[in-house]
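Below: the structure, in structure tokens.
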Amino acid sequence: MALIRKLPIDLGLNFIGRRALFLAFTVALTVASVALFLTQGLNLGVDFRGGILIEVRTPAPADLGDLRNRLSNLGIGEVTLQQFGDPTDVLINISRPDGDEQGQMNVIKQVMDTLGEGVESRRQEFVGPKIGDELKEAGFLATMLAMLAIGIYIWFRFEWQFGVAALVALLHDVVATIGFYSLTQIEFNLATLAAVLTIAGYSINDTVVVFDRVREMLRRYKKLPLLDLLNRAINTTMSRTILTSFTTLLALFALFFFGGEVIRGFTAGLIWGVAVGTYSSFGLAVPLLSYIGLRRGGEGDAEEDAESVGADTAKASS
């Protein structure tokens with residue numbers, strides 16, 4: 001508690017002065033994420049590619065090479081195996097484009113018979129290829145509509161310049177998260193898609209807080225240079241952003257290490273997204289406002305000059 005009280009109200013850092021560096025880093029991260037997606041792609045789960053997923057537990061640490069050889073000779077389609085948490089837990093993915101429900105059940109029975117006695121089937125999922133394609137389209141559409149709705153909301157709440165900056169920052173967060181999943185090859189399924197949408201919501205929350213401070217200062221400090229005003233808006237909200245992100249990460253790390261393998265991909269994406277979303281709020285969204293051109297004025301408090309800003313800062317520090 002004492003540490004929280006010691007956090008300064010205004011950090012006094014020159015964020016806007018380094019906006020060219022931030023924008024260069026943003027472009028590099030975005031280009032790298034797109035390149036990873038195009039060259040490496042995503043490790044699509046059964047939700048999107050269709051097929052059968054079986055989670056099994058073996059009585060002893062699993063020999064993936066032996067299991068792969070035994071299953072590949074069954075003629076049931078492409079089979080991939082991966083460790084899933086403990087050495088005895090294995091995920092079996094079977095790409096099977098055709099077959100009705102009874103046919104899928106026969107495949108599962110064939111797999112379990114091949115694995116032998118003592119192997120426990122813990123989870124079974126099946127998604128047809130048509131459903132997988134529909135889920136891909138629905139997931140992409142949901143992401144785009146969510147971003148568009150957020151941009152429209154920011155436009156109506158503030159001005160169009162804020163909406164444009166918010167949309168660019170959100171697009172950066174989503175692309176960077178896709179790049180993260182492409183780099184790590186964590187399975188991309190409906191749960192991880194939910195993580196992407198959650199990241200967009202979290203990021204815009206931080207951005208709105210800073211934007212609200214910018215709007216307040218635009219009305220109040222009409223003689224203060226725009227770059228100084230934007231820099232002060234970031235600094236005076238940074239303590240709140242740091243504390244919010246820190247407490248969120250504490251919960252996410254707990255879920256990542258102790259929540260089990262089922263939600264590990266979801267929480268890993270959120271951890272990355274919180275970091276990227278926090279960065280984009282002060283390193284991308286607000287600096288973009290300096291290039292778009294904001295209108296000053298509007299109804300609000302009486303005009304104050306830069307000297308008043310300095311007086312407020314000294315008062316807050318004391």
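Could you please let me know if Val90 is at pLDDT below 85, buried (at least 20 other Cβ atoms within 10 Å of the Cβ) and in contact with a Phe, Trp or Tyr (Cβ under 9 Å, 6 or more places away or on another chain)?
Answer is yes for this residue.
Would you check if Leu21 is surrounded by 14 or more Cβ atoms within 10 Å (Cβ to Cβ), at pLDDT 75 or above and of a type in the set (A, V, I, L, M)?
When the stated conditions are applied, Leu21 does not pass them.
Does region 216-236 include one or more residues that are under 30 Å from Gly139 (Cα atoms) and part of a helix (DSSP H, G or I)?
no
For region 31-73: of the residues being among the hydroxyl-bearing types (Ser, Thr, Tyr) and touching a residue at least 60 places away in the same chain (Cβ under 8 Å), which is farthest from Phe188 (Cα to Cα)?
Per the criteria, the residue is Thr58.
Quick check: anything in region 246-254 in contact (Cβ under 8 Å) with a residue 40 or more places away in the chain, surrounded by fewer than 18 Cβ atoms within 10 Å (Cβ to Cβ), in a helix (DSSP H, G or I) and out of contact with any helix residue (DSSP H, G or I) (no Cβ under 6 Å at 6 or more places or on another chain)?
No; the residues of region 246-254 include none that is in contact (Cβ under 8 Å) with a residue 40 or more places away in the chain, surrounded by fewer than 18 Cβ atoms within 10 Å (Cβ to Cβ), in a helix (DSSP H, G or I) and out of contact with any helix residue (DSSP H, G or I) (no Cβ under 6 Å at 6 or more places or on another chain).
Test Leu115 against the stated conditions and say whether it is crowded, with 17+ Cβ neighbours inside 10 Å and at pLDDT 80 or above.
Judged against the criteria, Leu115 is a match.
The values are calculated or read from the model by the stated rules, or taken from the named source; none is laboratory data. Only a predicted model underlies this, so the values are computations on that prediction, with no experimental measurement involved. Every residue, glycine among them, receives a Cβ derived from its backbone with ideal geometry; neighbour counts consider all protein chains shown.
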